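The structure under discussion appears below in the form of structure tokens.
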Amino acid sequence: NANGGTGTTANSSHVYGTEKALTENGFSRTGYTFSGWATSATGAKAYADKQSVTNLTSTSGGTVNLYAVWTPIPYSIAYNANGGTGTTASSSHTYGTAKALTANAFTRTGYTFSGWATSATGAKAYSDKQSVSNLSTKNGETITLYAKWTANTYKVVYNGNGNTGGSTANSSHT
């Protein structure tokens, strides 16, 4: 039984009192690694892949159902200052489990942090400390998120310093 996976694994026939290896797993599941076989859908691993077994049932013509056991993959997220300074600690994640991104600790003079992008020049994809899941389907992969910066704006106000004549328009700058 694929137990949430996809693909096929051929059934096997066994003879009571004779040791024989289980068929090699042919199932896969995105974001998970195959860990072995259980005797129920929610059971713990009872048998390894291709394990040699004997006497799984004493019933003549009986059927033994084995269920794939899946382990979610771990992956990491590294944070890139993308023109800023400082350090933001990497975070460890598990496929299928939501977890908040590490709070931004980068700074950049003249800019405000606006979120995280998946490339140095990409659009904002995630907010600071956003809860995320399933950013990778590769076991042990490190995903890099890049700080997105918005230039600060400011206003220049002109003061006549006692002069009451003439005018100069105020202006805003980025």
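The values are calculated or read from the model by the stated rules, or taken from the named source; none is laboratory data. Here the structure is a predicted model, which is why all the values come from computation and not from measurement. Note that we place each Cβ from the backbone using ideal geometry, even for glycine, and neighbour counts take in every protein chain shown. In case anyone asks, the SASA skips ligands and DNA or RNA and just uses the protein heavy atoms, side chains included. Shrake-Rupley method; radii C 1.70, N 1.55, O 1.52, S 1.80 Å.
What the table below lists for this structure:
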{"item": "Residues that are free of Cβ contacts under 8 Å to residues at least 24 places away in the same chain, part of a strand (DSSP E or B) and open to solvent by 50 Å² or more (accessible area, probe 1.4 Å), drawn from region 136-158", "result": "Tyr154, Lys155"}
{"item": "Flag for Lys124 being open to solvent by 70 Å² or more (accessible area, probe 1.4 Å), under 28 Å from the mean Cα position of the chain (by Cα), within 30 Å of Thr33 (Cα to Cα) and not aliphatic (A, V, I, L, M)", "result": "no"}
{"item": "Hey, Ala105 within 30 Å of Ala147 (Cα to Cα) and either touching a Phe, Trp or Tyr at 6+ places or on another chain (Cβ under 6 Å) or surrounded by 11 or more Cβ atoms within 10 Å (Cβ to Cβ) (or both) or not", "result": "yes"}
{"item": "Number of positions in region 5-16 that are touching a residue at least 12 places away in the same chain (Cβ under 8 Å), assigned to a loop (DSSP other than H, G, I, E, B) and open to solvent by 60 Å² or more (accessible area, probe 1.4 Å)", "result": "5"}
{"item": "Within region 36-70, considering residues that are among the small types (Gly, Ala, Ser), closer than 13 Å to His14 by Cα and outside any strand (DSSP E or B), the one most open to solvent (accessible area, probe 1.4 Å)", "result": "Ser60"}
